[in-house]
Every structure is written in C-alpha cells, then in structure tokens.
1. For the pair LYS108 and LYS5, how long in nm is the line joining their label points, each one 7 Å along Cα→Cβ?
2. Using 0.36 nm per residue of separation minus the Cα-Cα distance, give me the extension gain between THR15 and GLU190 in nm, one decimal.
3. Under a cut-off of 28 Å between alpha-carbon atoms, report the lysines in cross-link reach of LYS36, not counting same-chain residues fewer than 8 places apart.
4. From the helices alone, meaning DSSP H stretches of at least four residues, give me the mean residue ellipticity at 222 nm for the chain, per-run term -39500 (n - 2.57), in deg cm²/dmol to the nearest 500.
5. If you roll a 1.4 Å probe over the stretch 42-201 with all protein chains in place, what percent of the accessible area is carbon or sulfur?
6. Highest mean first, what order results for 130-142, 8-20, 67-79 on Cβ atoms within 10 Å?
7. Using alpha carbons only, what's the Rg to Rh ratio of the stretch 84-202 with Rh from Kirkwood?
8. Determine the per residue accessible area of the chain with all protein chains present and a 1.4 angstrom probe, expressed in square angstrom.
Amino acid sequence: AEIQKANISGLKKFTYEELLKQQQLFSKSFCDRFLKILCDEQINLLIEETIPHIMESAWMNCHYDYERRNLFLKDDDVYVIDYQDMRVGPIGLDLAGILLDHYYDFNKDQICKYLAYYESIINLKNSKEDIYESFRWCGIQRNMRILGTLSDLYMKDKRDFRLKDLPRILDNLYNLIPDRFVIKNMIQNEIKPSLKVKLNSI
C-alpha cells in the first residue's frame, strides 16, 4: 500500500491496448501455437469483458512483478526488489501478483482475508467487493498473459524450467473466471487435457 501510494514521478501508465495485447497471448501463444488448439469466440468474450473491468478499477503505482521471490524478510522488515517494470496500473495487478502465487492453489477464503486487511490500510473509497473484483479481473488478465509468455519463452528459447507451473496457473485462472463464462467448459474439457499431453511429450 505504501508503494502504491508513494509520490513517484515519470511512471508510464498502462494503456488499454497494452493490457488487451497481453491478454491475447493466451489465445495466440498458449492455445494456438503451444497447444495447437483453435480458440473459439468464448475466449474473446472473456477478454472483451476483462479489460473494461480493469480500466474502471482504482489505479496507482504498480510494481508489476510482485511474487514471493521478489520479496525478502529481514529483521521483521519486508524488502522488495526488481522495480524495472514499475508502471501506473490498476491496484488488482499487484494484488494478483502477490496473492495469486504460481506455486499455491487458489484459496478464495484466504485471499479474501488478505484483501480485507489490505482494504483496512489502503484508505480508498472502495468496498471489499470492489477490491475483490479488481483482484479477480486483474488476476484473469495476468494469468492469461503469463500462460502465453511462458509458452513463448519455451517455443523461442527452449526455456522449459517454468513449464511445470502451467497447470497450476491454468487452474487458478479457471477458479477466477465467473461461472457464467462458457470458456470454463473449454478449459476443463479441452485445454487442460491438451496441456497434460503436451507437457508429457516434452
């Protein structure tokens, strides 16, 4: 919260087009090129709803690479490293980065507990529901981006050390998507089985 509210000049702001292009890596890189799955309109419907939700949330300083390996605890103080990607962005991006960890399964009750604490110290005029929704939609965008990015890293440079994270990232994405989206059926019935086959072949 202190980093998000700090007065830092010269930070570039994320654009609608950037966030959209990042999320489209899911269909273009992860599904089409990595898994050889033809994406249908359901993925586009999810993407088209995600970005407006993100744009409407509160925006602040955004570290943009929060995950546990970039946080260090020493003498009861938390140190944050790797600021090179810092931007102005939606509050949910950093919340998703730190709470939707790639090494742990999605746990909504635990996440809501942490978000309630965050809401108590951030001093925004946002309800707990608003903050959760920002976390949810930014988490959807982030996980779709990362699935595409890690697939690209493997296909371009044979960097396979992060491929083992793909199933959990996909599971966490599935759990974030509202049940009304038909894409959840495609993830369960087509994308997850295809990913398992692909990883077993590598």
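The values are calculated or read from the model by the stated rules, or taken from the named source; none is laboratory data. Keep in mind that what you see is a predicted model, and the values were worked out from it rather than measured. Counting neighbours? That spans all protein chains shown, and the Cβs are built from the backbone with ideal geometry, glycine included. All accessible areas refer to the heavy atoms of the entire protein, side chains included, with ligands and DNA or RNA removed. Shrake-Rupley method; radii C 1.70, N 1.55, O 1.52, S 1.80 Å.
1. It works out to 3.0 nm between the two label points.
2. Details: separation 175, 0.36 × 175 = 63.00 nm, distance 3.19 nm.
Net length gain for the segment: 59.8 nm.
3. Cα-Cα hits under 28 Å: LYS21, LYS28, LYS156, LYS158, LYS164, LYS184, LYS192, LYS196, LYS198.
4. On the way: 9 runs with 107 residues, N = 202.
Using -39500 (n - 2.57) per qualifying helix, the result is -16500 deg cm²/dmol.
5. On the way: 4020 of 8260 Å².
Exposed carbon and sulfur together represent 49 percent of the surface.
6. Details: 130-142: 23.6, 8-20: 11.8, 67-79: 9.8.
So the peptides 130-142, 8-20, 67-79, ranked by packing, come out 130-142, 8-20, 67-79.
7. 1.01
8. Numbers: 10950 Å² over 202 residues.
Result: 54 Å² of accessible area for each residue.
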